[in-house]
Every structure is written in structure tokens, then in C-alpha cells.
Amino acid sequence: QVQLVESGGGLVQPGGSLRLACAASGSIRSLYVMAWYRQAPGKERELVATISSGGSTNVEDYVKGRFTVSRDNANNTMRLQMNSLKPEDTAVYYCQLRQWGRAYWGQGTQVIVSS
């Protein structure tokens, strides 16, 4: 089993920054992909960014240039640096880990961008 715990969400003004973290623990294999998803009220969950166990990253076009995904191998933590936040970035942000055909999810952390 894999456990994922997100943290770092909160209320921020437009133009501000937040850094989310996802701490992974449990039976983590050597090959995996971790991802950030988000789900706004009334909308479907959407992919934000991914990072592989090899370090390859991808950030979706709609947040590219504002969001950066990274990983701290020492403690199996994935981070999402979010800059220049907009009200439309308001959502619950979820962490996912995929390995061996299975996907694990965290409980989510709320991000609210509002003045």
C-alpha cells in the first residue's frame, strides 16, 4: 500500500504564491509516476503536472510558466510551486502516485485564490 498526504493549501490573493507538498510513504517501487491533479467546484478533475521516478517532468499548458513540479528523493516528497495565482486556480489539489498499474490518491488540499 501507498499513502499520500498533501499539505500547503490555503487562501491566497491573486498574484500570490503557494507551495504544495505531497509526502509519499509505504510500498513505493523504483519505477513510478507522481502527479498533481485539481478539481474545481462543478468541474471534472484535471491533470496539472507530472514527475517520474527518473525525474522527467511535465506541466500542462494552462499553468505552464506559473507552476513548477519537483521532487525530493530523500523523503519521497513531491512539490508544486504555484506562482502568479489566479482565481481560476481555485480548486482542491490532489496528489497521485501510479505504479504497477495501480493509482493511489491523497485526500486533497484546498487552494482558494481570492481577494
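The values are calculated or read from the model by the stated rules, or taken from the named source; none is laboratory data. Fair warning: this is a prediction, and the values are worked out from it, not measured in the lab. In this analysis, Cβ positions are derived from the backbone assuming ideal geometry, glycine residues included, and neighbour counts consider all displayed protein chains. The protein model used for the area step is the full one, side chains on, heavy atoms only, and it has no ligands, DNA or RNA in it. Shrake-Rupley method; radii C 1.70, N 1.55, O 1.52, S 1.80 Å.
A few notes on this one:
- Any chance LEU18 is aliphatic (A, V, I, L, M) and open to solvent by 60 Å² or more (accessible area, probe 1.4 Å): no
- Residue count, the stretch 1-52 (criterion: in contact (Cβ under 8 Å) with a residue 24 or more places away in the chain, under 16 Å from the mean Cα position of the chain (by Cα) and outside any strand (DSSP E or B)): 6
- Of all residues in the stretch 80-94, those being assigned to a strand (DSSP E or B) and surrounded by 19 or more Cβ atoms within 10 Å (Cβ to Cβ) number 5.
- Residue in the stretch 37-51 that is more than 13 Å from GLN96 (Cβ to Cβ), touching a strand residue (DSSP E or B) at 6+ places or on another chain (Cβ under 6 Å), open to solvent by less than 50 Å² (accessible area, probe 1.4 Å) and hydrophobic (A, V, I, L, M, F, W, C) present: yes
- Residue pairs meeting the criteria (Cβ under 9 Å; at least 6 apart or on separate chains; first on the phi > 0 side of the Ramachandran plot and at pLDDT 95 or above, in the stretch 55-84; second open to solvent by less than 70 Å² (accessible area, probe 1.4 Å) and of a type in the set (S, T, N, Q)): GLY65/ASN83; GLY65/SER84; SER84/SER17
- The set of residues in the stretch 89-115 being free of Cβ contacts under 8 Å to residues at least 24 places away in the same chain and within 19 Å of GLU60 (Cα to Cα) is empty.
- Flag for LEU31 being open to solvent by 40 Å² or more (accessible area, probe 1.4 Å) and either of a type in the set (Asp, Glu) or closer than 18 Å to GLN3 by Cα (or both): yes
- Subset tally (residues that are open to solvent by 60 Å² or more (accessible area, probe 1.4 Å) and assigned to a strand (DSSP E or B)) for the stretch 62-78: 2
- Filter result for LEU97 (of a type in the set (A, V, I, L, M), farther than 18 Å from VAL12 by Cβ and either at pLDDT 95 or above or not in a strand (DSSP E or B) (or both)): yes
- The listed residue being among the polar types (S, T, N, Q), closer than 16 Å to GLY108 by Cα and out of contact with any Asp or Glu (no Cβ under 7 Å at 6 or more places or on another chain), out of THR68, THR77: THR77
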